[in-house]
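Notes for the one structure printed next.
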Amino acid sequence: MPSHYSDMGFEINSIDDIKAIYDKNSDKASVIRGGKGFYHLFRIDNNIEFWIQANRKKQVLGLEFHYLGKGFNHLKISFL
């Protein structure tokens, strides 16, 4: 099933897939220390980045993508 990950060329179906990306690319990431672990920031281009969260033991906890760009939403306001 297509996802945001596959749209950008990453096949991610499990935490093991995230760990493989982390292991392969961790030396290319910007590392930001947090209270209980680390955030690893990977910039794919000027508008796309993904963040991998890991604890102090370097166990991967999750992955989030962020996008920068223009967009729009349709909004309908009705009064009761």
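Read the figures in this text as sums done on the coordinates, not as results from a lab. These numbers come from a predicted model, not from an experiment. In this analysis, Cβ positions are derived from the backbone assuming ideal geometry, glycine residues included, and neighbour counts consider all displayed protein chains.
Data table
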quantity	calculated
Sequence-distant residues sharing a close amide H with GLU49 (under 5 Å, placed H)	ILE44, HIS66
Placed amide H near LEU61: partners under 5 Å, 5+ positions off or other chain	GLN53, ALA54, ASN55
Note, ³J(HN,Hα) from phi for region 48-57, Karplus 6.51, -1.76, 1.60, rounded to Hz, x at Gly and Pro	10, 9, 10, 10, 10, 9, 9, 7, 4, 8
Option label - mean projected area of the Cα convex hull in nm² computed here, alternatives [x] 8.5; [y] 5.2; [z] 7.0	[x]
About the Cα centre, charge dipole magnitude for the chain (Lys/Arg +1, Asp/Glu -1 at Cβ), debye	420 debye
Potential lengthening between ASN73 and ASP16 on full extension [0.36 nm per residue; Cα-Cα distance subtracted]	17.0 nm
Straight-distance crosslink candidates among lysines, where the alpha carbon sits under 16 Å from LYS24 and sequence neighbours closer than 8 are dropped	LYS58
Helix-only CD estimate at 222 nm, as mean residue ellipticity for the chain, using -39500 (n - 2.57) per DSSP H run (n ≥ 4)	-5000 deg cm²/dmol
Cut-off 20 Å, label 7 Å out along Cα→Cβ of ARG33, residues of region 52-80 by amide N	52-61
